[in-house]
């Protein structure tokens, strides 16, 4: 049984070593959110393209306003999108708006709050220093400079950068195809009326959502019953995709057939157990050149292990680097006590008390309790070296990436 750190490292090392050159596609800027860049994006000109004012006020020569009380004549105005074309003589200044171009020869902007207009002139309550409230041309970037590198995931800020430099189409990595297969005689479709001993396939729904969030292309295969022949046929179909994710059927029971069937198909396994809860029985291997993950059937275990192990593989297959878990510190609302030497992920809510982050563990009878997860904003992380913690101690909190 591997530790959490060793298991994640094994996934990252294996996928990184085996990945092939990225296959890219061109998509519209508006469709690029969440995708991974396959080509860098460069500045088409200097940014800002002119000396830009960061405040509403008056563009001046700093030497004319070296001390408070100086008075100047207003020669005109400069507003965003319109250049000032007049002549600025000695003892004159220009009224200027935020984002407007600073007229040639002016080297400072005094905020309007520090000035008082008097007829056609203005008196300043403060002195000026060269460069104040001005962003010089090219300070942000020069023409041709790389702004976004290949391998970066596109978010709102990255889309804004691309739009600023006129990239209406982006070259991005093709989304990995991720086949999703649930297993078990007790599993029926979400649209079905389950019998007294059956459950609907909620795992297929959650895995598909998490796959889309990671920018993979989900390929739902439904459910395979606990029959070796049926499971084999479904797995072979799943191996047509880049990654196959199965849920259920990976424990040591009589009808847990996933590993035996994968072995028959020539799979090599890197691990089949990790020291975590939920999610201890989890499988990672390669079969017929495709990555295969076997996740536990309990819903919480499925979601936790997907984020821990499948997500970094998806990121790497798109040319991005595997992201670290976004764990933050928060104070415990109550005491925590665990016994087994495992890393625990306990459903929790993050709150704020007196301006400090506080994490509160939620009641959770088992890893099959989906409703507890729906009320959780993330997970309280309990490490094996620190299984007991008192209320008020600082602890680790792992926010759900999918929580709104």
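The values are calculated or read from the model by the stated rules, or taken from the named source; none is laboratory data. Fair warning: this is a prediction, and the values are worked out from it, not measured in the lab. When we count neighbours, we look across all protein chains shown, and the Cβ atoms used for this are built from the backbone with ideal geometry, even at glycine.
A few remarks follow.
- Here residue 68 fulfils each of the conditions (1) in contact with a strand residue (DSSP E or B) (Cβ under 8 Å, 6 or more places away or on another chain); (2) under 19 Å from residue 53 (Cα atoms); (3) surrounded by fewer than 13 Cβ atoms within 10 Å (Cβ to Cβ) apart from (2).
Rundown of residues vs (1) assigned to a strand (DSSP E or B); (2) within 30 Å of residue 84 (Cβ to Cβ), yes/no style:
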| residue | (1), (2) |
| --- | --- |
| 123 | yes, yes |
| 127 | no, yes |
| 130 | no, yes |
| 137 | no, yes |
| 158 | no, no |
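- Residue within the range 106-123 that is exposed (fewer than 13 other Cβ atoms within 10 Å of the Cβ) and touching a residue at least 60 places away in the same chain (Cβ under 8 Å) present: no
- Figure legend. Inter-residue proximity from the range 167-193: first residues at negative phi and in the same structural domain as residue 301 (by TED's automatic domain parsing), second residues modelled with pLDDT under 85 and in a strand (DSSP E or B), beta-carbon distance below 8 Å, spacing 6+ or different chains. Indicated pairs: 186/199; 187/199; 187/200; 188/199; 188/200; 189/200; 190/200; 192/200.
- Residue 130 being in contact with a helix residue (DSSP H, G or I) (Cβ under 8 Å, 6 or more places away or on another chain), at pLDDT 95 or above and surrounded by fewer than 21 Cβ atoms within 10 Å (Cβ to Cβ): yes
- Residue match in the range 91-99 (condition: surrounded by 22 or more Cβ atoms within 10 Å (Cβ to Cβ), touching a strand residue (DSSP E or B) at 6+ places or on another chain (Cβ under 8 Å), closer than 16 Å to residue 48 by Cβ and modelled with pLDDT of 95 or more): yes
Condition check ((1) surrounded by fewer than 23 Cβ atoms within 10 Å (Cβ to Cβ); (2) over 28 Å from residue 343 (Cα atoms)) across all residues:
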{"site": "202", "(1), (2)": "yes, no"}
{"site": "245", "(1), (2)": "no, no"}
{"site": "251", "(1), (2)": "yes, no"}
{"site": "256", "(1), (2)": "yes, no"}
{"site": "263", "(1), (2)": "yes, yes"}
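- Residue within the range 20-38 that is closer than 30 Å to residue 77 by Cβ and modelled with pLDDT of 95 or more present: no
- Unmet criterion (only one of (1) crowded, with 18+ Cβ neighbours inside 10 Å; (2) modelled with pLDDT of 95 or more) for residue 84: (2)
- Screening 341, 384, 335, 399 for residues that are surrounded by 14 or more Cβ atoms within 10 Å (Cβ to Cβ) and over 21 Å from the mean Cα position of the chain (by Cα) leaves exactly one candidate, 384.
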